[in-house]
Amino acid sequence: METRFKTLREFPLDEYLSPGATMCAGCGGMIVLRIFHKALGGNVVIVNAAGCLTLLQVYPYTPLKSSWMYTAFASAPAGAQGIRDALDILMEKGKLPQGEDLKVVVLTGDGAAYDIGLQSSSGAIERGLDFYYLVYDNEAYGNTGFQRSGATPFGSSTTTTPPTNLNPAGYSGMKKDLFEIWRSHNPPYLATIAPSHVVDMLRKIETASGFRGPKLFISLSPCPTGWGFDPSETIKLSRLAVECGVWPLKEAVYGKVRHTVVPKVLKPVEEYLRRQNRYAHLFTPTRQEEAINFIQEKVNEYWLKVSATEGHEVIKPINLAEKQTE
Amino acid sequence: MRDVEMMTGNTAAAWAARLADVDYIPAYPITPQTEIIETLAKWINEGVMKAKLVQLESEHSMLTAAGTASLAGARVFTSTSSQGLLYGFEMLYNIAGWRAPMVLVNVSRAVAAPITLEPDHNDVLSARDSGFMQFHAERCQDVLDLVLMAYRVSEDRRVMLPSIVNMDGFYLSFTREPVGLLDKEEVAEFLPPYSHPQAFKARRHVVKGPAVIGGHLYTFFKHNIHESITRAAQVFDEAAEKFQSITGRKLEAVEGFLLDDAEYVLVITNSFTTTAKRAVVKLREKGVPAGLAKVVMLRPFPAKIIVEKLKNRKAVAVFDQNISQGFGGIIYSETAAALYHVKNRPETLLSVVGGLGGKFTTLEEFEYVFSLLANPDKVGAGKPLFLFRKDELRDVERAMKLAGVEGEM
Amino acid sequence: MNLKSIYPPHGIRIYWGPMLRIRFHGRGGQGVKTSSRILGRAAFLAGFLAQDSPIYGAERRGAPVVAFTRISDSVILERGFIFNPHIVVVMDESLIGDWLARPLEGLLRGGVALINTAQAGAPLEVSDSHVVVRLNITDEALKIIGRPVISAPAAASAAKITGLIRKKQVLEATVEELTELGLAEETVEKNLRLVSEVYDMTPHHSIKINEEPSRSLEVVDLRSDRVVFSDILEVGNAYLRKTGNWRVFTPVVDYGRCTGCMVCYVYCPDSAVKLDPDKKPVIDYENCKGCLICVLECPMRAITFVREAKAYA
Ligand code: SF4
Ligand code: SF4
Ligand code: SF4
């Protein structure tokens, strides 16, 4: 598909978020929302579920220059359904001019998307609701102080999975694969994005806009507060997540998957993990070799599969490759 | 279609939605409400009704969609029962807080556990603090009339709040009786088209549902809802007057039955009212000055009217088809609160709990309640009296034995 | 002090004596809550009854937050917000001009405003209404810990000003509180050094409080004919919040080096980088939160940063 976005030169200049939001300095979710909104334009109503970004709007302030509907934790997609259906039927009945139509966008964190609102998003996708869904995934319940969510990756410490002597590796479960759960619903468009990879993101939103029906985006959202890193490193971490292969950038059109950014050489995951306090226990006081290797192996496995199915050439990180030949 | 037709309460509810020309019906099945959405789905698919019906994945989602659609300017109808209402419960407060007018028909069904199908009012009364108005039906005709009334009151710019219209499962939902319809012109005269002053649309953006930090802001908006719902009592009266002028049918927040000179009065709601009326008639035939006050509008609570209807009576019983565990009847407590400041309040105020889980309350039981009113010493003051018959207890004991539970009650 | 005399076995006699009220003002992430807790625990260890509490809100790292400590030798018959503190601890000087925070509001006559500031000025200044104590805690923290973490030293400073709590008790409380937070031993050690330093740095001053504050009360009737929605119609108004005072460091563009590549504009989470007609970046200092993403991401290294130092009235 021909794209409008080749370099940052084409970056849209219209601004839909004013400064002054109460989000933490350096919040990755804010970067994604801002860029996402630019790509969609201004005729938008954002339907939100409880999460960090809910507090964008604290009466009487809003940074948004578009419309907003806060629903509840579990049911933002249903809220989007109500608005979309209402606009449709009102236009059909001639009660609302076509020019008053709005794009309906669901915006939630991972707690809503992976856990409490999964039922609601499943329903909306299955019904073919014409909407965008943007998940800002900071891999825990950030708004309540960083508790484990269905999006928390193996090894992360959260306030409900604290690493202790009994449990030195932190969270022992695996991150839910929301991409695959949603893909099984066969939506017209589904993609992962990352705030570091802006052109990739803009292109994906552009592609998505050509489809009617669910257009779903899962964005990595580095969270300086919860992950424990300096706010200036938000983009750096996002980039590392992609380069280490931890956060694959991909899209699926009617279920057919294609990776849009394929690292030629995978950087060792350690480079990504080391920069975050949520993984600090993997390195000090004692190095959790097994856990680190496990994370690396999962990443390797993933990319081997991708290479096999999509024919990309991905070179595994040196250290592990060496270990394997030993 | 005749202008009077045999129909169930469920069909009457569907007819009301059709007459109101609703735009949007988010739906989810649950017994005994399901027939309403089936009927509407059929009409829409046949093309006799122009609206969008969408089946959601839960009542929680259904109510969310209902609320947001109303804020986008659509006239919304939806219905549920019992567990469904409770499953979507948090959204009731949200919808009211959003100031999203809509009508929700609740077909009462007792709340599990134990799971059952027949009605009592713990489901609907649990919603009494949410900011929804509540109108309770005795007959199938009331269902139709009250839904139309509810739209008019909800959408009034002085109110802007959602409504619940309640009917009893089985006793109304599946019971047929003649129901009079309105024609298009009559509806148009009664119910102006819906619009929301701050609806979602492209040219003027609006943020709805922002957080408020600070109890004073929260209190301010909550008070505004309280004030608006209180004001709805007057809006209801205006609407009722209009409704009567068009249909000849009189609707009241509290309806008296043989009340004027009554000394012994029963306060009651919903479908058991019909049987209770029969008891009143029988007592009157025997020369007992019995009467009845049916509360139709539960929210806003018509305290003033109730006081007017109950003061100077000898004795009053409140029949609650609900139980606030650890206290007793809900409507009893509200009635008692309303009467507290009245000098010439009735000396006896008896609390009667019956009909839980749809347990049938017989004519004789209502007569018994009236007989107690003449002899209030027989029951302890303030204690709820549970109506339970000996034959019923025997049946329970039999069942317990079969279930393998030893011992007598 | 004997606790039994305060809670007599039959709970009959209640003696209500004088009480010190301390209000902490800071920004989310500065450890205001921890500060109030260290002070509370230190007072407790010194034999007083204490009460500490934060206020939770929409506060994120950087947003104004408050916390409270009450210290008394008898039953504390109060909770929640402190309207008339004897001591306000302003952990971030930029808050003084913040109309949402208003840290000095309600400070009692003769009370102490303890201000963490990088500004020069007399360490102790007595005016008619109150006393201002100026300390540069942040720089001390940067020196000893390497990061602007000031919860423990701020508590230490406040503790000294109460005139009731000794250094030993603050150190003990610091260890207990910071360990409970799961801080590494090494970090706790550094904090103790910092506490000690700042306690000593804090000038002596004994607070004399005679008046029991009383606020005038005017009750209003909320009745109105209006239906009021909690909607926001004035969209895009959040810039009025002026989050610029969240900053510790300020990014500065060197236009000599800037090529106008827009990277800083693209990545700023808060739309605080605007573009001038030549597409050169202009930082909106009223709202830039100082995350320094722009500094790190600028490919030309054209953005540097300086320590924030703001004047206050
Ligand atoms: S906690 Fe994380 S996700 Fe939430 S506002 Fe702060 S940085 Fe953003
Ligand atoms: S990133 Fe650097 S070079 Fe690019 S516009 Fe900003 S200041 Fe100029
Ligand atoms: S430091 Fe730079 S990126 Fe961060 S808010 Fe300020 S201008 Fe934006």
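The values are calculated or read from the model by the stated rules, or taken from the named source; none is laboratory data. Since this is a predicted model, take the numbers as computed values, not measurements. Note that we place each Cβ from the backbone using ideal geometry, even for glycine, and neighbour counts take in every protein chain shown.
Structural remarks
- Considering residues of segment C:151-172 that are more than 12 Å from residue C:193 (Cα to Cα) and among the hydrophobic types (A, V, I, L, M, F, W, C) only, the residue nearest to the chain's Cα centre (by Cα): C:154
- Subset of segment A:14-58 (residues that are out of contact with any helix residue (DSSP H, G or I) (no Cβ under 8 Å at 6 or more places or on another chain) and assigned to a loop (DSSP other than H, G, I, E, B)): A:41, A:42, A:43, A:57
- The number of residues in segment C:56-74 being more than 14 Å from every other protein chain (Cβ to nearest Cβ) and at pLDDT 90 or above comes to 6.
- Test: residue in segment C:218-234 that is within 16 Å of ligand 1 (Cβ to nearest atom) and closer than 28 Å to residue B:206 by Cβ: no
- As for segment A:3-11, it holds at least one residue that is within 16 Å of ligand 2 (Cβ to nearest atom), out of contact with any helix residue (DSSP H, G or I) (no Cβ under 6 Å at 6 or more places or on another chain), more than 14 Å from chain B (Cβ to nearest Cβ) and without any contact (Cβ under 8 Å) to a residue 60 or more places away in the chain.
Residues checked against (1) in the same structural domain as residue C:247 (by TED's automatic domain parsing); (2) crowded, with 17+ Cβ neighbours inside 10 Å; (3) more than 16 Å from ligand 1 (Cβ to nearest atom):
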site	(1), (2), (3)
C:257	yes, no, yes
C:267	yes, yes, no
C:270	yes, yes, no
C:273	yes, yes, yes
C:277	yes, no, yes
C:280	yes, no, yes
C:284	yes, yes, yes
C:291	yes, yes, no
C:301	yes, no, yes
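Results for (1) surrounded by 14 or more Cβ atoms within 10 Å (Cβ to Cβ); (2) assigned to a helix (DSSP H, G or I); (3) aromatic (Phe, Trp, Tyr), shown as yes or no for each residue.
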residue: C:103; (1), (2), (3): yes, no, no
residue: C:107; (1), (2), (3): yes, no, no
residue: C:110; (1), (2), (3): yes, no, no
residue: C:122; (1), (2), (3): no, no, no
residue: C:125; (1), (2), (3): no, no, no
residue: C:140; (1), (2), (3): yes, yes, no
residue: C:154; (1), (2), (3): yes, yes, no
residue: C:168; (1), (2), (3): no, yes, no
residue: C:179; (1), (2), (3): no, yes, no
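- Condition met for residue B:75 (surrounded by 24 or more Cβ atoms within 10 Å (Cβ to Cβ), touching a helix residue (DSSP H, G or I) at 6+ places or on another chain (Cβ under 6 Å) and basic (Lys, Arg)): no
Rundown of residues vs (1) free of Cβ contacts under 8 Å to residues at least 24 places away in the same chain; (2) part of a loop (DSSP other than H, G, I, E, B); (3) in contact with a strand residue (DSSP E or B) (Cβ under 9 Å, 6 or more places away or on another chain); (4) within 16 Å of ligand 2 (Cβ to nearest atom), yes/no style:
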{"position": "C:218", "(1), (2), (3), (4)": "yes, yes, no, no"}
{"position": "C:223", "(1), (2), (3), (4)": "yes, yes, no, no"}
{"position": "C:250", "(1), (2), (3), (4)": "no, no, yes, yes"}
{"position": "C:260", "(1), (2), (3), (4)": "yes, yes, yes, yes"}
{"position": "C:285", "(1), (2), (3), (4)": "no, yes, yes, yes"}
{"position": "C:295", "(1), (2), (3), (4)": "no, no, yes, yes"}
{"position": "C:301", "(1), (2), (3), (4)": "no, yes, no, yes"}
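- Meets criteria (in a helix (DSSP H, G or I) and within 14 Å of another protein chain (Cβ to nearest Cβ)) for residue B:230: yes
- Residues that are buried (at least 23 other Cβ atoms within 10 Å of the Cβ) and either away from ligand 3 (no atom under 14 Å from the Cβ) or within 30 Å of residue C:142 (Cβ to Cβ) (or both), drawn from segment C:228-243: C:232, C:241, C:243
- Residue match in segment C:201-220 (condition: farther than 27 Å from residue C:25 by Cβ, within 12 Å of another protein chain (Cβ to nearest Cβ) and exposed (fewer than 15 other Cβ atoms within 10 Å of the Cβ)): yes
- Within segment B:190-215, tally of residues that are more than 7 Å from chain A (Cβ to nearest Cβ) and not in a helix (DSSP H, G or I): 11
- Test: residue in segment B:246-253 that is in contact with a strand residue (DSSP E or B) (Cβ under 8 Å, 6 or more places away or on another chain), within 14 Å of another protein chain (Cβ to nearest Cβ) and touching a residue at least 40 places away in the same chain (Cβ under 8 Å): no
- Qualifying residue in segment A:218-234 (condition: away from ligand 1 (no atom under 16 Å from the Cβ) and either away from chain C (no Cβ under 14 Å) or within 20 Å of residue A:106 (Cβ to Cβ) (or both)): no
- For segment A:6-51, the set of residues classified as more than 14 Å from residue A:201 (Cα to Cα), of a type in the set (Ser, Thr, Tyr) and away from ligand 1 (no atom under 13 Å from the Cβ) consists of A:16, A:18, listed by residue number.
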